[in-house]
1. Go through (1) in a helix (DSSP H, G or I); (2) touching a Lys or Arg at 6+ places or on another chain (Cβ under 8 Å); (3) loosely packed, with under 15 Cβ neighbours inside 10 Å one by one and return the number of the condition Gly94 breaks.
2. Of everything in the range 6-28, what is surrounded by 24 or more Cβ atoms within 10 Å (Cβ to Cβ) and part of a strand (DSSP E or B)? Give them in sequence order.
3. Could you check Tyr89 against (1) surrounded by fewer than 23 Cβ atoms within 10 Å (Cβ to Cβ); (2) in contact (Cβ under 8 Å) with a residue 24 or more places away in the chain; (3) closer than 11 Å to Met126 by Cβ and say which number it fails?
4. Return only the number of the condition from (1) free of Cβ contacts under 8 Å to residues at least 24 places away in the same chain; (2) part of a loop (DSSP other than H, G, I, E, B) that Tyr117 does not satisfy.
5. Please determine whether any residue of the range 127-146 is within 20 Å of Tyr64 (Cβ to Cβ), among the aromatic types (Phe, Trp, Tyr) and either assigned to a loop (DSSP other than H, G, I, E, B) or under 14 Å from the mean Cα position of the chain (by Cα) (or both).
6. Looking at Lys48, is it buried (at least 19 other Cβ atoms within 10 Å of the Cβ), among the basic types (Lys, Arg) and part of a helix (DSSP H, G or I)?
Amino acid sequence: MAEKMLLHICCAPCSIYSWRYFQQKGFEIKGLFFNPNIQPFKEFAKRKKTLQSLAEAEQRDVIYEDDYPLEEFLSRVMKSSEERCAICYRWRLGKTAALARENGISFFSTTLLLSPYQKHDLLREMGDKVAGKFGLKFVYADLRGGFKESIDTAKNMGLYRQGYCGCIFSEKERYYPS
């Protein structure tokens, strides 16, 4: 019997390779869309809708957190904007771990591990800390080698793909001259 994993999903394109990778490793996957960092709301809704379409097409089991806690996100990260990624990772992975434990799932991970733009050392550190708190196992895998494949597959499927992680800070970094 396959071990169950709750996979935090940032967006549909990043989930393509990640989902398949963890399935090939023998996990039975359940997804979670929880991304309070994504702004503006139209972007959040577009990413959610794209994931819903993909999940339906591939018969994936996904939990969708519909709450849009923009004010809470901003409040958390503005306390220490230098630590914003750690705060964001800890929050999203913490929610994933809490739901995993609540559903009797021992393993969790995130599609953020696919992105060459994410801070992998920090993701691993936050994942391990959260896992310890909840008595679960965070599964780290360096999935960056599958990034291009995932993006190409998303393009071929006609899926919406965004150009930034979702938070207002990454959007600023994308356009503001430094």
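1. (3)
2. Leu6, Leu7, His8
3. (1)
4. (1)
5. Applying the first criterion (within 20 Å of Tyr64 (Cβ to Cβ)) to the range 127-146 yields none.
The answer is no; no qualifying residue exists.
6. Here the answer is yes, as Lys48 does meet what is asked.
A short reminder: the numbers here are calculations on the coordinates, not readings from a lab. Everything numeric here is computed off the predicted structure, so don't read it as measured data. Here the Cβ is made from the backbone with ideal geometry for all residues, glycine too, and neighbour counts use every protein chain on show.
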